[in-house]
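Student: Quick one: this structure, given as structure tokens, is what I'll be asking you about.
The values are calculated or read from the model by the stated rules, or taken from the named source; none is laboratory data. All values derive from a computational prediction rather than experimental measurement. For neighbour counting, all protein chains shown are included, and Cβ atoms are generated from backbone atoms with ideal geometry for every residue, glycine included.
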Amino acid sequence: MSDLKFSEKGMKKYEWLLTRYPDKQAVLLPALRIAEAEFGELGIPEMKYVADLMGISPARVYGVVTFYTHFRRAGTGTFHIQVCSTLSCALRGSQELADHIAKRLGIEMGETTEDGMFSVSKVECLGSCDTAPMFQLNDNYHENLTLDDVDRIIEDCKKESARGGAR
Amino acid sequence: MSEATNPETPLVNWVLNGQPVQSPAGMTIFEAAKALETTIPNFCYHPGLTIAGNCRICMVESNRSKKPVISCSERIAEGLEIQTESPMAIEARNAVMEFQLINHPLDCPVCDKAGECDLQDYSYDHGPDRSRFDEEKNIRHTKELGPTIDIWGNRCIVCTRCVRFCDEISGTGELCVVERGDRSVVDVFPTVPIDNPLAGNVVDICPVGALISNDFKFEARIWNMRKTDSVCAGCARGCNVEVQSLDGFVKRLVPRENMEVNKWWMCDEGRYDYRYLLADERVTACTKDGEPVEDHDAHETLAHWLQDPGGTLGILVDPYITCEEAFLVEQIASHANNALVGGWKPADGTAQSFPGQFTISGEKAPNRLGVEAVLGKLVFGSQGHALRTALEKGQVSTLIVFAGFPHPDPDDAWVQAIRKAKRRAVFALQAGAWTEGAGLVIPGASPFEKDGTYANEDGRLQRVRSFHAPGDVEWSHDLQRLQAVLRIAGLRPRSLSSSAVFRELADVKKPFHGLSHSTLPATGAPLPGFIPLPVGVEGGSV
Amino acid sequence: MSFRKIFTPHLGDPNCHTLEFYEKTGGYEGARKALRDWEPDALIDEVKASSLRGRGGAGFPTGVKWGFVPKQTDKLKYLAVNADESEPGTFKDRVLMERMPHQLIEGIIISCWAVGIHSAYIYIRGEYVHAYQRLVAACAEAYDKGILGSKVLGHDFHLDITVHRGAGAYICGEETGMLTSLEGERGQPKLKPPFPAIEGLFGCPTVVNNVETISNLPYIMEIGAEGYKKIGPESSPGPKLYCVSGHVEKPGTYELPMGVNLLELINDHCGGVWKGRKLKAVIPGGSSAHVLSADECDVAMDIESLAAAGSMLGSAGVIVMDDQTCMVNALLNVMKFYHHESCGQCTPCREGTGWLEKIVHRIAYGHGKLEDLDRIDTVCDRMVGKTICVLADAAAFPAWSFTQKFRDEFIHCIEHGGSPEVKRRHPDRIGGGLHV
Ligand SMILES: Cc1cc2nc3c(=O)[nH]c(=O)nc-3n(C[C@H](O)[C@H](O)[C@H](O)COP(=O)(O)O)c2cc1C
Ligand code: SF4
Ligand code: SF4
Ligand code: SF4
Ligand code: FES
Ligand code: FES
């Protein structure tokens, strides 16, 4: 048994959400977002917790979580770099950007560094095509990137991590 | 369904393949066409589940749409014109078949579904002759989903029937589709296997060989098996089943549709409960005072006992005997000067109901009602009580016991009581407490080896049939043995078929009036005019 | 009449997303007017008269859609604002939500008043964290000031708005996919009929409109249907946000009247094709639209004109490609997108999108065969018009138009061992395994 539990604040938010929808299951996506924020990722115990909390079958939660690509699944690094690789970005060098990041971190696309600090993946259009190439780093967009920018951002992450900050 | 059967439903005029037709309003094109004997292929549609409309194989041409429409979800309407065999309809179907097959493994030779696989069947009719797919096929997981079920993901066509079953019928929701696009495949939550009392049905409704039952895996090729329509004896629901056997061994049970009884389903307890047929304790030969004897000897001995019971004749029946057998019991009793007939039945369990309006009966035997309809409503009640009291007081000289229970859980009081009879003959499925010390033991037939009728908890009379090939194993037909005994005893002129015995029964027993084996519908019929006592009033176990 | 920008004039101001700023520049006047002066039915007629058409992709007349919602019903009604914006090349809604959130809220009030809705959801794609925060903050301000809640702007009308985050799935932009996702399920489109206006969110009548569509309403209130209709072509009028990306000097969001000429957009507004190169092709309306070759680009950017040119305005995501672009590689990128994003329900889409990507991949990586081009053609044929939603069609359109309009390039790739771009980038992979 895991002892996962929403914080008081998280629980308040969850209960407020329940008042915003006529049907309980509609709260699933927002509830998963709370879980993501509070527990850091959505692994097996986290999904199970949300399922039990909401009284829906864990399989349903599992089907939902795996349908979407933007949830933080278990094993994602502290810093998740999601490189847009769709057409507009590709036309302006997203491939070089992705290659550079991978080389820099010593991992392939879709992998996480051994120390668990970075994950990097290719994602589809992030709706920032006019600032290509770009990536999303955790919640934030980094736009009009050059390879030098990438080096700097990665260094910043490492510094932030050394200071104990995460997201 | 209800639209089709309700005479009040207005009719709609529409055109099917150029023919003006009429169908009850509200039906889907698929259902209406089916009722008119035009079959349209389907994968994701299942009459017992909500409509998903995802496989697209059922597309037809409609005068109301530029694109082909799916017949499993579109409803018929006045003036609608549907073509199921036009170039557009055929091309749409061929397209779907081609897409279904491009990533499908070439597994038929090793797939347990082969022979009853919709994909295999349709691919003969609608599939491409030669694959145009030169790419690598996608790979999806093969794994255990639960104690009884595996998934071969590469075969899954993502029709979601199984997921809908667990959501809508069993209400247990263990299955889901994970991932999306062509990575989609059925799975369970990693720590919650599929394990519910109706789980086995998902294997039946999987249109392909993606869901595989561990119990049946690699056991037999479908087309080699002998298939017998019968009824499950696991409980008083009496689910209609097809018993599939090979070389005299049952390989699996699958449900048969019966909207009045089990719809399309059956429970796992019933489904997987046939191994007792091969149990070590199975009685296979007659014994007299513990020594094997020829059948004829045993029959003759029993006939003599009946001719001269030496006092009171007791007959203890169980709810596994057929109505026909019960009728012969009554004949025996009526010829004796002093006879007591009583019944014993296994303890009741609790009924289980599911959201899909399926119930497993709390009564764990198939034919209490049928036996009562023949032998009297109190046979398992006060009559049973009277028999036991007489036994306990040593007042019964000759006792015949029917011990056809698949799982004899000896009822101590009864076991003690029957031992007090001076002579005891047992028709036994299995050796054990009931047969111990019996003067005569005669092999009994299991419910899947009987030929006759059972009445379920609603009083619906249904046919049970032996899965053995005719003439194969006559030794196991209780009805024939009983008749042999009666003939020797001079109580019946000759042995008749089960159907003929039923005719006699129907002539004399009011609840059976007007019924016959040959006119009994495949889905059975209610016993006319038989109103069983409410459960718990009198008929309950002693 | 000179064109007045309504979405973007204040973007230079860092505070333009605040309520204070919005009200200072005339904000919420349209909603006040609607609540004060307009009967709901008359308001629907006015929106019909304005000829406002959906900006989400399909271009359906907004007032007509509202008219489908049953007037007499015991059920609640909902508005679901489509802010999923995931069509490749499209980013206008993000700008509107990050910078002009109150304009959207005002539009929502007007829509809900017209249709008799008391509960609206904004379904915003999960990646748009910043826009989400802006919307949440704007709603909080609006509740705080009595603009939302039990008495909207002091009128006897209650309205709640809930901002709902998606979680990464293009298909949740398709209206019924969005509704299923909002209901907490896998975001798979539903069978139609029933249409959302009759049976949508939670089984109730539901209006689905795009962010930009809704953001037009305050302006229609301000200048009236007559005035609105005079902007751009009569059949699809109004101010319009064009998202230009790819090989132009100045990519960005451009607010111009409906029907601006595509070449004018590229050359005059966006500084022309970058690096002084020549134009090769343009996808005018998000990646689902048929590609236009350079010689087809002298076209007005409105619904009818682009349809006449064999493409569509779609989401107005204009993706510009210069003469050095490898069209095989570009198509491979687009096919990868649809393969990745197909929800996987319908057989033709689930299997077809993957098949198309695999074929184009083979061509790009030097394993193509000439018959592959016909195969692409017939695979598309077998996908189009046979599925629950039109994602399958959206995948087929670029596959068709790229291979038809740039056939020589595909043939060249097939005959010369693959795409020059791939060869340059991965000399080691050409002719190697299929999935690299
Ligand atoms: C695959 C697919 C993706 C779509 N994505 C979006 C989207 O991201 N945003 C959007 O507003 N409409 C999108 N649409 C169109 C919506 O289905 C719908 O037509 C639109 O939201 C209606 O709003 P409108 O009438 O205001 O344009 C998409 C449609 C399809 C088929
Ligand atoms: S496992 Fe079978 S029933 Fe379930 S979705 Fe796949 S093909 Fe359909
Ligand atoms: S419900 Fe009863 S009759 Fe039906 S399968 Fe189960 S045990 Fe057999
Ligand atoms: S067409 Fe594709 S995306 Fe649309 S519902 Fe079908 S499988 Fe899903
Ligand atoms: S293509 Fe990269 S953000 Fe749109
Ligand atoms: S049977 Fe109709 S779509 Fe599957």
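Student: Just checking, does region C:249-260 include any residue being within 20 Å of residue C:231 (Cβ to Cβ), out of contact with any His (no Cβ under 6 Å at 6 or more places or on another chain) and surrounded by fewer than 16 Cβ atoms within 10 Å (Cβ to Cβ)?
Tutor: no
Student: Return the residue satisfying two criteria in turn: it lies in region B:336-360 and is over 26 Å from the mean Cα position of the chain (by Cα) and crowded, with 16+ Cβ neighbours inside 10 Å, and of such residues it is farthest from ligand 5 (Cβ to nearest atom).
Tutor: That would be B:336.
Student: Follow-up. What about residue A:106, is it without any contact (Cβ under 8 Å) to a residue 12 or more places away in the chain, surrounded by 21 or more Cβ atoms within 10 Å (Cβ to Cβ), more than 16 Å from ligand 4 (Cβ to nearest atom) and not assigned by TED's automatic domain parsing to the domain that holds residue A:18?
Tutor: no
Student: Can residue C:310 be described as within 27 Å of residue C:47 (Cβ to Cβ), of a type in the set (Gly, Ala, Ser) and surrounded by fewer than 17 Cβ atoms within 10 Å (Cβ to Cβ)?
Tutor: Taking the combined requirement at face value, the residue does not satisfy it.
Student: Then there's this: If I filter region B:366-377 down to residues being touching a residue at least 60 places away in the same chain (Cβ under 8 Å) and buried (at least 24 other Cβ atoms within 10 Å of the Cβ), which single residue comes out as nearest to ligand 6 (Cβ to nearest atom)?
Tutor: B:366
Student: Residue check: is residue B:363 touching a Cys at 6+ places or on another chain (Cβ under 7 Å) and either under 26 Å from residue B:278 (Cα atoms) or surrounded by 22 or more Cβ atoms within 10 Å (Cβ to Cβ) (or both)?
Tutor: Here the answer is yes, as residue B:363 does meet what is asked.
Student: Sticking with this structure for a sec: Hey, could you check region A:30-72 for residues that are over 18 Å from the mean Cα position of the chain (by Cα) and charged (D, E, K, R) and say which is nearest to residue A:11 (Cα to Cα)?
Tutor: Filtering region A:30-72 for residues that are over 18 Å from the mean Cα position of the chain (by Cα) and charged (D, E, K, R), the one nearest to residue A:11 (Cα to Cα) comes out as A:52.
Student: Of the numbered conditions (1) crowded, with 20+ Cβ neighbours inside 10 Å; (2) touching a residue at least 60 places away in the same chain (Cβ under 8 Å), residue B:424 satisfies every one except a single condition; which is it?
Tutor: Condition not satisfied by residue B:424: (2).
Student: Given the condition in contact with an Asp or Glu (Cβ under 6 Å, 6 or more places away or on another chain), within 26 Å of residue B:354 (Cβ to Cβ), at pLDDT 95 or above and of a type outside the set (S, T, N, Q), answer yes or no: does some residue in region B:151-163 qualify?
Tutor: There is no residue in region B:151-163 that is in contact with an Asp or Glu (Cβ under 6 Å, 6 or more places away or on another chain), within 26 Å of residue B:354 (Cβ to Cβ), at pLDDT 95 or above and of a type outside the set (S, T, N, Q).
Student: Within region C:348-366, can you find the residues that are in contact (Cβ under 8 Å) with a residue 40 or more places away in the chain and more than 9 Å from chain B (Cβ to nearest Cβ)?
Tutor: Within region C:348-366, C:356, C:363, C:364, C:365, C:366 meet the criteria.
Student: Could I ask something else about it? Taking residue C:346 as meeting all but one of (1) touching a helix residue (DSSP H, G or I) at 6+ places or on another chain (Cβ under 8 Å); (2) more than 16 Å from ligand 6 (Cβ to nearest atom), write down the number of the exception.
Tutor: All conditions pass for residue C:346, except number (2).
Student: Residues that are basic (Lys, Arg) and more than 16 Å from ligand 6 (Cβ to nearest atom): list the strands (runs of 3 or more DSSP E) wholly contained in region B:112-209 that include at least 1 such residues.
Tutor: Correct list: B:142-144.
Student: Could you name every one of the helices (runs of 4 or more DSSP H) located completely within region C:24-130 that has at least 3 residues being closer than 21 Å to residue C:143 by Cα?
Tutor: C:29-37, C:92-99, C:101-115
Student: Got a sec? Which of B:43, B:99 is within 14 Å of chain C (Cβ to nearest Cβ), closer than 19 Å to residue C:384 by Cα, within 16 Å of ligand 4 (Cβ to nearest atom) and among the hydrophobic types (A, V, I, L, M, F, W, C)?
Tutor: Only one candidate passes the filter, namely B:99.
Student: Let me ask you something else. May I ask you to list the residues in region C:256-291 that are closer than 11 Å to residue C:311 by Cα and free of Cβ contacts under 8 Å to residues at least 60 places away in the same chain?
Tutor: Within region C:256-291, C:282, C:284 meet the criteria.
Student: Can you name every residue in region C:175-218 that is away from chain A (no Cβ under 14 Å), crowded, with 24+ Cβ neighbours inside 10 Å and hydrophobic (A, V, I, L, M, F, W, C)?
Tutor: Listed by number, the residues that qualify are C:207, C:208, C:214, C:217.
Student: Filter region C:2-23 for residues that are under 27 Å from the mean Cα position of the chain (by Cα) and in a helix (DSSP H, G or I); which is surrounded by the fewest Cβ atoms within 10 Å (Cβ to Cβ)?
Tutor: Among residues in region C:2-23 that are under 27 Å from the mean Cα position of the chain (by Cα) and in a helix (DSSP H, G or I), the one surrounded by the fewest Cβ atoms within 10 Å (Cβ to Cβ) is C:19.
Student: Given the condition away from ligand 2 (no atom under 13 Å from the Cβ), surrounded by fewer than 22 Cβ atoms within 10 Å (Cβ to Cβ) and within 13 Å of chain C (Cβ to nearest Cβ), answer yes or no: does some residue in region B:138-159 qualify?
Tutor: yes
Student: (1) crowded, with 21+ Cβ neighbours inside 10 Å; (2) touching a strand residue (DSSP E or B) at 6+ places or on another chain (Cβ under 9 Å); (3) under 22 Å from residue C:347 (Cα atoms): which one isn't true of residue B:43, the others all being true?
Tutor: The number of the failed condition is (2).
Student: Let me confirm something: among B:125, B:129, which residue is closer than 20 Å to residue C:381 by Cβ and at pLDDT below 95?
Tutor: Criteria check complete, one pass: B:129.
Student: Suppose we keep only residues that are away from every other protein chain (no Cβ under 13 Å) and surrounded by 18 or more Cβ atoms within 10 Å (Cβ to Cβ) within region C:266-278. Which one would you say is nearest to the chain's Cα centre (by Cα)?
Tutor: Filtering region C:266-278 for residues that are away from every other protein chain (no Cβ under 13 Å) and surrounded by 18 or more Cβ atoms within 10 Å (Cβ to Cβ), the one nearest to the chain's Cα centre (by Cα) comes out as C:266.
Student: Out of region B:375-386, which residues are outside any loop (DSSP other than H, G, I, E, B) and in contact with a Leu (Cβ under 7 Å, 6 or more places away or on another chain)?
Tutor: Once the filter is applied, which keeps residues that are outside any loop (DSSP other than H, G, I, E, B) and in contact with a Leu (Cβ under 7 Å, 6 or more places away or on another chain), region B:375-386 yields only B:386.
Student: Please note which helices (runs of 4 or more DSSP H) are completely contained in region A:80-167 and include at least 1 residues that are within 14 Å of chain C (Cβ to nearest Cβ).
Tutor: The helices (runs of 4 or more DSSP H) meeting that bar are A:87-91, A:94-105.
Student: So is residue C:319 more than 16 Å from ligand 2 (Cβ to nearest atom) and within 8 Å of chain B (Cβ to nearest Cβ) or not?
Tutor: no
Residue-wise test of (1) at pLDDT 95 or above; (2) over 30 Å from residue B:155 (Cβ atoms).
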position: B:3; (1), (2): no, yes
position: B:13; (1), (2): yes, yes
position: B:17; (1), (2): yes, yes
position: B:20; (1), (2): yes, yes
position: B:23; (1), (2): yes, yes
position: B:29; (1), (2): yes, no
position: B:36; (1), (2): yes, yes
position: B:43; (1), (2): yes, no
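Student: Could you say which residue among C:369, C:336 is within 12 Å of chain B (Cβ to nearest Cβ), more than 30 Å from residue B:43 (Cα to Cα), surrounded by fewer than 24 Cβ atoms within 10 Å (Cβ to Cβ) and at pLDDT 95 or above?
Tutor: When all the criteria are applied, what remains is C:369.
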